[in-house]
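Structure first, then comments.
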Amino acid sequence: MLTSDIDRFIKDGELIPLLCAVAELTGDRELIDPSFRPRLEREMVTIPEHAGLDPETARTAYARAAHALRTYFDSGAAAAEAIPAEKIIDFLTAGDGDHAELMRHELGDVEEPGWAKAEAAPGRSFVVGIVGAGQSGLAMASSLRRLGIDFVMFEAADRVGGTWRWNAYPGCRLDTSTLAYSFSFFQRNDWNQHFAVRETLEDYFSEFADREGLSGSVRFRTRVTRATWLDGQWQLAVESLDSGDISTVRVDALVSAVGFLNQAKIPDFPGLDDFRGETVHSAEWHPDVEYRNKRVSVIGTGASAYQIAPAIVDEVSSLTIYQRSAPWMLPAPLYQAEVTEGRRWLMENVPSYHRWLRLWEVWHSTIGKYALAKVDPDWTTEGSVSEPNQRFRDALVANVRSQYEGREDLLDAVIPTYPVGVKRMLRDNGVWARTLKQSHTELVTAGIESFDADGIRTVDGVHHPADLVVFATGFYGTNHLGTVEVIGRDGQSLRELWGDESRAYNGITVPGFPNLFCLNGPNTGLVAIGSQTFMTESALHYVSECLRLLLETGSESIEPTEKAYREYIDWIEEGNRQMAWGSGSERSWYRNARGTNTVVWPYSLLTYYEITRHVSPEDTVLVERPIRAVSA
Ligand code: NAP
């Protein structure tokens, strides 16, 4: 039975991770022979089939893996001499030694040095406040649990899940790979979708919270509105969303896990208040939004619109999409596909196949499209930033053209004019073209002039009637920590310090704001590489190291030096200027009015991994605990 399943399903396995998993299981070193190594390029547009192995070699490799598996199970799963994980990682990365440690971490189940308990001075109580019980807040809480540090979490919603709890619009799902988005320390082998739908992600995070026993430490339906550094602690004003009562909670350190896409942006269109139909922002969608058989207008063509419009198009009476600039789309045929029965079988029956599969996804997203987004200062062709970037553009344009056969009239509008890499690309399996090509869909590129009672008027004088207007117009993404008024040492306001230019050392800490740690903070967003989870996990490690140092040195507080902060900002600026998303004058939500990019991380994932491994003593100020009179 098992043997026939192996023969039936082996080809459903992604070749390289399959070889890794079977090698680890069976100890068969031939499976990771150099002749089977992946052949990926740094400037690849898509991952080639079988990781670039020629068909004959790939066939041999699959046969070898099937044989090794059959032999292993036929012999009663006899233990073989183990191959060290490092050796298998070396095979998977085709000998890239630079990333060996990062990849070992990403494989998961690694005892991190930072996970040993932090030793506080006897009798010292130390509590961390975490704002937000989404992906990063939950991960922080579980790290603190490992460190043996007490914490309390505040969450405005009535359950965990963060962005996946709030964004309940039709079609909402991941647009990075499910596996790479999942935590390295909470991997699953039963994913149904390559890009998980939001309900699956909500389940994943609640399961994680349950496994770690975190929900009991969350104060749901509460909002932290103000945090003030006072006498060596953060004094929090906490509002109950049910009673409206405000209470004060004191914590020793504060972690912002609020995310940076939590403040919905609705442009201030003239006449909006006169509109008599229904309006909703993508992030505020609720079950009563009535779109079926209605004339629906969707404003925006970013990641949210891209998911909403195709999900509702077949049920609305008309769909009008307002586009200011067209999005670039990366071909992703599996974007809405279910994981095949064969691959599920392999994940469930070949131990660790899911872990190697995740590592494989992490690996090619680590290389990602970084090289393709790098600016060549000598390149002068408009619409691209380098020769490889132009080639990438050509490949994407060819793909777009192939989707609009019979509707070539749409091509001018749907091919972006700006270089690839200026903004995050959407995942394209053809649903956007299908939506735009429907006879009851209209793509409007004329700017919006105003609203009136019945709809929207564009600058070309055309009136577009609407029953429902969906604002898929994004968020105030540069306004980090914008929902909390943070007052640091000497009464300094973080909002005032930052203005429209939020910055943080390592994307995490700010001088003058002791024991304040931002997760998904300034300049930690990703455009052409990786999954945001990687950035979160790296930041978690750094925060854990800071807290350990704080407690073990008996200090009261930790913060970066002003000098380190300033130099860090310059370094980030310099990096961003060299990338498509930070050069030129193209508008995006990552940039403020002066074009400064305060959202995107400009360097490689390896660089972020390295700077978040250790606390640099020369960049750090540890303040001793003063002896304070104890109030009665
Ligand atoms: P977004 O990417 O900022 O897109 C907003 C859209 O609204 C853009 O097309 C923008 O046009 C348009 N717009 C904004 N103001 C406008 C105005 N005054 N008039 C006309 N059009 C206007 O927002 P989003 O789609 O909500 O996505 C935000 C981020 O959330 C994404 O970049 C992604 O990181 C994340 N996200 C992820 C997922 C996922 O993983 N599944 C899903 C959704 C969102 P311009 O492009 O011309 O500015």
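Please treat every number below as a calculation from the coordinates, not as lab data. Since this is a predicted model, take the numbers as computed values, not measurements. As a convention, Cβ positions derive from the backbone with ideal geometry for all residues, glycine included, and neighbour counts pool all protein chains shown.
Quick notes
- Backbone HN-Hα couplings from phi across the stretch 391-404 [Karplus 6.51/-1.76/1.60, Hz, Gly and Pro as x]: 5, 4, 4, 4, 5, 5, 5, 4, 5, 4, 4, 5, 8, 10
- Sequence-distant residues sharing a close amide H with residue 330 (under 5 Å, placed H): 426, 427, 428
- Pair-distance distribution of the stretch 19-140: all C-alpha pairs, bin width 10 Å, starting at 0; shares per bin in whole percent are 11, 28, 26, 17, 12, 5, 0.
- Kirkwood estimate for the stretch 7-51, i.e. one over the average of 1/r between Cα atoms, Å: 11.7 Å
- Rounded to 0.05, the FRET efficiency of the residue 408 and residue 8 pair, given R0 = 60 Å and the Cβ-Cβ distance, is 0.85.
- In the chain the Cα-Cα distances spread across 10 Å bins starting at 0 as 3, 15, 24, 26, 19, 10, 3, 0, 0 percent of all pairs.
- Using θ = phi - 60° in the Karplus curve 6.51 cos²θ - 1.76 cosθ + 1.60, the 3J(HN,Hα) couplings for the stretch 17-34 round to x, 5, 4, 4, 5, 5, 4, 5, 6, 9, x, 7, 6, 5, 5, 10, 5, x Hz; x is entered for Gly and Pro.
- Residue order for 131, 22, fewest other beta carbons within 10 angstrom first, comes to 131, 22.
- Based on Cα contacts under 8 Å between residues 6+ apart, the stretch 560-632 shows a relative contact order of 35 percent.
- Interchain or long-range residues, amide H under 5 Å from residue 130's placed H: 152, 153, 154, 255
- In sequence order, calculated HN-Hα J values of the stretch 328-333 (Karplus, 6.51, -1.76, 1.60; Hz; x Gly/Pro): 7, 10, 9, x, 8, x
- For residue 621, residues with placed amide H under 5 Å, excluding near neighbours: 559, 561
- Inter-centroid distance (Cα atoms) of the stretch 369-421 relative to the stretch 552-602, Å: 27 Å
- Measuring between their Cα centroids, the stretch 475-547 and the stretch 181-221 lie 24 Å from each other.
- Stretch gain in nm, segment residue 489-residue 553, where the contour uses 0.36 nm per residue and the Cα spacing is subtracted: 21.0 nm
- Here is how the number arises for the chain: DSSP H runs of 4 or more residues each give -39500 (n - 2.57), the sum is divided by the residue count, and the result at 222 nm is -9500 deg cm²/dmol.
- DSSP bridge pairs, the chain: antiparallel proportion in percent, nearest 5: 45 percent
- Semi-axis lengths, Å, the stretch 428-505, gyration tensor of Cα atoms, sqrt of 5 times eigenvalues: 41, 18, 11
- Footprinting exposure proxy for 280, 459, 469 (fewest neighbouring C-beta atoms within 10 Å first): 459, 280, 469
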